[in-house]
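A.B. asks: Next up is a structure, given as structure tokens.
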Amino acid sequence: MHDDTVERTTDGAGRLQDLTFEEIRKLNPAAKHRLRSQFQDEKVPTLREAVVESMHHNLTIYFDVKGHANQAVDALKQLYQEFPQLYNSSIVCSFMPEVVYKMRQADRNVVTALTHRPWQLSHLGDGTPRFSSSWKHFLYMVMDVILDWSLHSFLWRLCGVSAFLIQKNFVSQDYVRHWSARGIQVVAWTVNTFAEKSYYESILDCSYMTDSLVEDCHPHY
């Protein structure tokens, strides 16, 4: 699940952490999708079910880990052992360097990536400050500066990543060249309009993630 709550992506309500898997399983993840009429009564899959379905369609999988590093690494390690083809068709990525580092420690053959959005600690994706308290806001802005410097100076090497997943508004030709010189592939997220896709393909020559390959979608931060 992507969000802390289930309202945006399902027909349910409440915080994800307050729901059991059995309760989540009853939710319909297609209820608010633009193609919901074609995919009725869908169920939230287990991680293994999602992996099997993705491999069936020859998809590249990005395991986007939101937290719980030890549990996530253990679960993913078992998946790679069960499905060795994942080594050539998936990437483990996270905003949390701890997750990526521990994944590489557990299995060095897994392809990994760091995910980043500048000012993520102090601001929401749309630019709104996370905190109303001034001192807390500026404290987290300082932490953002330190995090950004750390990711670009040494954490990428310490974590042994092959790619850097960056929010699309911060990608430029210089940025792509910066990482290319270090043997790192830049992947932008989330590129949802035809104009943006053309720019990334023809000008930046950069990979990107999108919510749709056939139509423009609402901006996603």
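A.B. asks: Does GLU22 satisfy the condition of being assigned to a helix (DSSP H, G or I), acidic (Asp, Glu) and more than 24 Å from LEU165 (Cβ to Cβ)? Talk me through it step by step, then tell me what you get.
C.D. replies: Details: assigned to a helix (DSSP H, G or I): yes; acidic (Asp, Glu): yes; more than 24 Å from LEU165 (Cβ to Cβ): yes.
When the stated conditions are applied, GLU22 passes them.
A.B. asks: Kindly establish whether TYR87 is hydroxyl-bearing (Ser, Thr, Tyr), out of contact with any Pro (no Cβ under 7 Å at 6 or more places or on another chain), part of a helix (DSSP H, G or I) and loosely packed, with under 14 Cβ neighbours inside 10 Å. Can you show your working first?
C.D. replies: Numbers: hydroxyl-bearing (Ser, Thr, Tyr): yes; out of contact with any Pro (no Cβ under 7 Å at 6 or more places or on another chain): yes; part of a helix (DSSP H, G or I): yes; loosely packed, with under 14 Cβ neighbours inside 10 Å: yes.
Yes, satisfied.
A.B. asks: Checking ASP216 against (1) within 25 Å of ARG34 (Cα to Cα); (2) within 19 Å of the chain's Cα centre (by Cα), which single condition isn't satisfied?
C.D. replies: (2)
A.B. asks: Return yes when ALA31 is over 21 Å from HIS116 (Cβ atoms), open to solvent by less than 60 Å² (accessible area, probe 1.4 Å), without any contact (Cβ under 8 Å) to a residue 24 or more places away in the chain and touching a Ser or Thr at 6+ places or on another chain (Cβ under 8 Å) and no when it is not. It would help to see each step written out before you state the result.
C.D. replies: Details: over 21 Å from HIS116 (Cβ atoms): yes; open to solvent by less than 60 Å² (accessible area, probe 1.4 Å): yes; without any contact (Cβ under 8 Å) to a residue 24 or more places away in the chain: yes; touching a Ser or Thr at 6+ places or on another chain (Cβ under 8 Å): yes.
Answer is yes for this residue.
A.B. asks: Can you work out which of the residues in the stretch 160-207 that are aliphatic (A, V, I, L, M) and either open to solvent by 80 Å² or more (accessible area, probe 1.4 Å) or assigned to a helix (DSSP H, G or I) (or both) is farthest from VAL100 (Cα to Cα)? It would help to see each step written out before you state the result.
C.D. replies: Let us first name the residues in the stretch 160-207 that are aliphatic (A, V, I, L, M), namely 161, 163, 165-166, 171, 176, 181, 184, 186-188, 191, 195, 203-204.
Filter once more, keeping what is either open to solvent by 80 Å² or more (accessible area, probe 1.4 Å) or assigned to a helix (DSSP H, G or I) (or both): 176, 181, 195, 203-204.
On the way: VAL176: 21, ALA181: 21, ALA195: 32, ILE203: 30, LEU204: 26 Å.
Out of the qualifying residues, it is ALA195.
A.B. asks: Could I ask something else about it? In this structure, does ALA13 turn out to be at pLDDT below 95 and not in a strand (DSSP E or B)? I'd like the intermediate steps shown before the answer.
C.D. replies: Working: at pLDDT below 95: yes; not in a strand (DSSP E or B): yes.
Considered against the rule, which asks whether it is at pLDDT below 95 and not in a strand (DSSP E or B), ALA13 comes out as yes.
A.B. asks: So, one more: Take the stretch 34-63 and flag every residue that is of a type in the set (D, E, K, R) and either assigned to a helix (DSSP H, G or I) or open to solvent by less than 70 Å² (accessible area, probe 1.4 Å) (or both). Steps first, answer last, please.
C.D. replies: Here is the first cut: in the stretch 34-63, the residues of a type in the set (D, E, K, R) are 34, 36, 41-43, 48-49, 53.
Result: ARG48, GLU49, GLU53.
A.B. asks: Now, a different point. Among the numbered criteria (1) more than 18 Å from MET96 (Cα to Cα); (2) at pLDDT 95 or above; (3) charged (D, E, K, R), which one does ARG157 miss?
C.D. replies: Going through (1) more than 18 Å from MET96 (Cα to Cα); (2) at pLDDT 95 or above; (3) charged (D, E, K, R) one by one, ARG157 breaks only (1).
A.B. asks: Kindly establish whether SER54 is of a type in the set (Gly, Ala, Ser) and within 19 Å of LEU213 (Cβ to Cβ).
C.D. replies: Working: of a type in the set (Gly, Ala, Ser): yes; within 19 Å of LEU213 (Cβ to Cβ): yes.
When the stated conditions are applied, SER54 passes them.
A.B. asks: Separate question: Which one of VAL92, VAL110 is β-branched (Val, Ile, Thr) and either open to solvent by 60 Å² or more (accessible area, probe 1.4 Å) or closer than 23 Å to LYS168 by Cα (or both)?
C.D. replies: On the way: VAL110 fails: either open to solvent by 60 Å² or more (accessible area, probe 1.4 Å) or closer than 23 Å to LYS168 by Cα (or both).
So the residue among VAL92, VAL110 that is β-branched (Val, Ile, Thr) and either open to solvent by 60 Å² or more (accessible area, probe 1.4 Å) or closer than 23 Å to LYS168 by Cα (or both) is VAL92.
A.B. asks: Has the stretch 123-146 got any residue that is touching a strand residue (DSSP E or B) at 6+ places or on another chain (Cβ under 8 Å), open to solvent by less than 80 Å² (accessible area, probe 1.4 Å) and touching a residue at least 40 places away in the same chain (Cβ under 8 Å)?
C.D. replies: There is at least one residue in the stretch 123-146 that is touching a strand residue (DSSP E or B) at 6+ places or on another chain (Cβ under 8 Å), open to solvent by less than 80 Å² (accessible area, probe 1.4 Å) and touching a residue at least 40 places away in the same chain (Cβ under 8 Å).
The values are calculated or read from the model by the stated rules, or taken from the named source; none is laboratory data. Bear in mind that the values here come from a model prediction, so they are computed numbers and not experimental data. Glycine also receives a Cβ, built like all others from the backbone with ideal geometry; neighbour counts cover every protein chain displayed. Remember, those area values only see protein heavy atoms, side chains included, never the ligands or the DNA or RNA. Shrake-Rupley method; radii C 1.70, N 1.55, O 1.52, S 1.80 Å.
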